[in-house]
Each structure stands twice: as structure tokens, then as C-alpha cells.
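Here is the structure we will look at.
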Amino acid sequence: MEDEEIIQLLWDREEQGLERLSEKYGKYCFSVSCRIVNDKEDAKECVNDTWFSAWNSIPPHKPYNLGGYLAKLVRNISINCYKKKHASKRGGSNMDLVLEELPECIAGRDKTGERLELEFLVNIIADFLNSQDKTKRWIFMQRYFFMADIKEISGKLGIKEGTVKSTLCRMRQQLRKRLEKEAVYL
């Protein structure tokens, strides 16, 4: 079933829309969630919460890209689940590593003293990613949006883990320079 048809079913409040959503995007959303929460039961719950969130948000919103919309929902729900479960402990998980890598190019509120406008930052990052070749953009998104680990990324591309690590390191450095140039980091 095409995404437009699924969206229309949800828009019309037809429960069959949830069934079609689950059939088409269930494994995908579970995979995204599992990378973040690292627990199958929590991931199942996050996916169910994603369906509930999609049901409640369509209407009034009609997503342009259903897969991307669901990925964003399940990612945010999974990150919140992860934070709740790990609020008092740091476990050295993939999620911890990913969240520790990005601050080297994006300053926290305590360093800037001001709150960055989210839309401005999103546009800078989107422009930065659009200036990269397809492979680098894919690596960056897999690591920092889908929370994939280095080994998984290298396996999918058939390249060495060191190559993925160095690519990500260079991209973070380039992003940091870009943010500094735009006066976001300063």
C-alpha cells in the first residue's frame, strides 16, 4: 500500500491505517528504536507509542514523507524512553557514545549564554549535509539520527570501521567550523 493511501486511512480515522502502517513500517521503526533503547521489549513499546502518536497527529498534520515522519516520532519516543531508564546511571552504551560525540561541535547553553534558534541551526546542518557526498551524508545520518553503531555502518557499506570513524571525525570538525563561521558556536 502506498504512503498516501495509509495517510488517507489515518486521516479518515480508519483503524486499518494503523494495521497498514505496522505492516509497512513496523520492522523499520523497531530497528530504529532498538538501536536507541537496546532492549527489545522497550523497543516494542516505543513502536506502539509511535503508532499512537501518529494516530493522534494525523490529522491535523499530513506528513510529506511518512517514513521520515515515523522515524522522527520513534526516535524521539525512544530517546525519551532511554533517558528515563538511564537517568541515574551511565552505562557506556552506543547511545551514550553518540550523544558524547556531537557536543564537540555544538555548544551547550552554558557556554553560549543564549538559546539558539532551532530553525536556524537545523538549516545550517541541512546545508552542511547537502554539501556532502551521498555516502558521507548517509554515514552521518545513520550515526546521529538512527544511532547506528560504527560496526553496523561499516558492515552495510563494506568499509573498515576506521574509515567510518575518521569520516565522522572529519565531518564533525567540518560541521564545527561551519557553525563557528555562522556564529553559532561562538
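The values are calculated or read from the model by the stated rules, or taken from the named source; none is laboratory data. A quick note: this is a predicted structure, and the numbers were derived from the prediction, not measured. No Cβ is skipped: glycine too gets one built from the backbone with ideal geometry, and neighbour counts run over all protein chains shown. All accessible areas refer to the heavy atoms of the entire protein, side chains included, with ligands and DNA or RNA removed. Shrake-Rupley method; radii C 1.70, N 1.55, O 1.52, S 1.80 Å.
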Quick calc, ASN56 & ARG137: beta-carbon distance into FRET formula, R0 22 Å, rounding 0.05, result 0.10
With N residues in the range 1-40, what two-decimal value do you get for its Cα radius of gyration over 2.2 N^0.38 Å? 1.35
Ranked highest first by average number of other Cβ atoms within 10 Å, how do 145-151, 71-77, 172-178 line up? 71-77, 145-151, 172-178
So the carbon and sulfur contribution to the accessible area of the range 133-183, 1.4 Å probe, in percent, is 50 percent
Relative contact order, percent, the range 1-65 [alpha-carbon distance under 8 Å, six or more residues apart]: 36 percent
Step through the table entries LYS27/LYS62; LYS24/LYS85; LYS44/LYS84; LYS24/LYS62, compare each Cα-Cα distance with 25 Å, and write down the pairs that go over it. LYS24/LYS85
